[in-house]
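Before any comments, here is the structure.
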Amino acid sequence: MLERGEHVSFANCGLPYYAGGSIGQRDALLLQTPESLWSRFRLDVRTRTEVLGVDRATREVTVRRPGGTVGTEGYDVLVLGPGARPIVPEIPGVERALVLRDVSDVDRVVAGLRSGARSAVIVGGGFIGVEMAEQLRHRGLDVTLVELADQVPRRDDKCLSWQQQPAVPEREVSRRTGAEPTAVPGAPR
Ligand SMILES: Cc1cc2nc3c(=O)[nH]c(=O)nc-3n(C[C@H](O)[C@H](O)[C@H](O)COP(=O)(O)OP(=O)(O)OC[C@H]3O[C@@H](n4cnc5c(N)ncnc54)[C@H](O)[C@@H]3O)c2cc1C
């Protein structure tokens, strides 16, 4: 198993709760390690190993290994499970925004919180956005949630909407529905 990130089998679902302090220990996010997967299942897991290309004719993948050396690995069967990336809007200043996908991402969020952030804007009112809104509010920040659709969480069934099943009372999180950011200005904090 080739994984370009630093961790394998971490608790994505716990990331917002670690950011918010409901999960106190970072270690609680890390469910398995390459060593534990080897001892339990005899799985050969290699982290910080990125697949760069596939050669179906020779049945090889090109990989960049830890340290940057590039080589190949042969296979009989190739299973692709590269997951998905957050959609990042192409707006000026977006490089100042953080995304939340893996443990490295949540480390950056927590570093921002520890450096004294007092407010947060969350773009995207899906479940992850709502969980982050709840958790950052739990941490005491002023939170504004911006969602393109007319409700949060964005769902076809309006009965499931946050308006009717509030995870966080409306007075605690500002919501901007039917809205999208157009820039991330570098304003002083
Ligand atoms: C913050 C957050 C909270 C979530 N909460 C929940 C929840 O409560 N309940 C729920 O059911 N789901 C939740 N999810 C969704 C769930 O985590 C995903 O559905 C699930 O992780 C998808 O699994 P996957 O294996 O398809 O992809 P991933 O878990 O993304 O795994 C794909 C892996 O492939 C690696 N990779 C990609 N390209 C390469 C490459 N070229 N070479 C090597 N490695 C590569 C990536 O680094 C990644 O580690 C949450 C997700 C997030 C981000």
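Listed values, structure above:
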item: Neighbours by Cβ (under 6 Å, 6+ apart or cross-chain): first from segment 1-21, within 24 Å of VAL79 (Cα to Cα); second outside any loop (DSSP other than H, G, I, E, B) and within 6 Å of the ligand (Cβ to nearest atom); result: LEU2/VAL51; ARG4/GLU50
item: Inter-residue pairs, beta-carbon under 6 Å, first farther than 20 Å from GLU6 by Cβ and in segment 57-71, second within 15 Å of the ligand (Cβ to nearest atom) and part of a loop (DSSP other than H, G, I, E, B), 6+ apart; result: ARG59/TYR75
item: Breaking point among (1) at negative phi; (2) in contact with a Gly (Cβ under 9 Å, 6 or more places away or on another chain), for GLY93; result: (1)
item: Subset of segment 97-152 (residues that are of a type in the set (D, E, K, R), touching a strand residue (DSSP E or B) at 6+ places or on another chain (Cβ under 6 Å) and within 22 Å of ARG26 (Cα to Cα)); result: ARG137
item: Residue check for ASP44: more than 10 Å from the ligand (Cβ to nearest atom) and without any contact (Cβ under 8 Å) to a residue 24 or more places away in the chain; result: no
item: Residue within segment 28-50 that is under 24 Å from VAL143 (Cβ atoms), outside any strand (DSSP E or B) and within 18 Å of the chain's Cα centre (by Cα) present; result: yes
item: Residues satisfying the stated conditions in segment 63-83, i.e. of a type in the set (S, T, N, Q) and either in a loop (DSSP other than H, G, I, E, B) or within 11 Å of the ligand (Cβ to nearest atom) (or both); result: THR69
item: Identity of the residue in segment 150-179, loosely packed, with under 13 Cβ neighbours inside 10 Å and over 23 Å from TYR17 (Cα atoms), that ends up modelled with the highest pLDDT; result: GLY178
item: Options LEU31, LEU80, LEU37: the member that is over 30 Å from VAL110 (Cβ atoms) and without any contact (Cβ under 8 Å) to a residue 60 or more places away in the chain; result: LEU80
item: Some residue of segment 14-22 being in contact with a Pro (Cβ under 9 Å, 6 or more places away or on another chain) and of a type outside the set (Phe, Trp, Tyr); result: yes
item: Which listed residue, of GLU147, GLU60, GLU90, GLU131, is surrounded by 11 or more Cβ atoms within 10 Å (Cβ to Cβ), closer than 17 Å to GLU180 by Cα and of a type in the set (D, E, K, R); result: GLU147
item: Top-ranked residue of segment 1-25 - restricted to ones that are in a loop (DSSP other than H, G, I, E, B), small (Gly, Ala, Ser) and over 16 Å from GLY81 (Cα atoms), ranked as farthest from the ligand (Cβ to nearest atom); result: GLY24
item: Matching residues, segment 1-26, being basic (Lys, Arg) and not assigned by TED's automatic domain parsing to the domain that holds THR69; result: ARG4
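The values are calculated or read from the model by the stated rules, or taken from the named source; none is laboratory data. Bear in mind the structure is a predicted one, so any value in this text is a computation, not a measurement. Neighbour counts run over all protein chains shown; Cβ positions are idealised from the backbone, glycine included.
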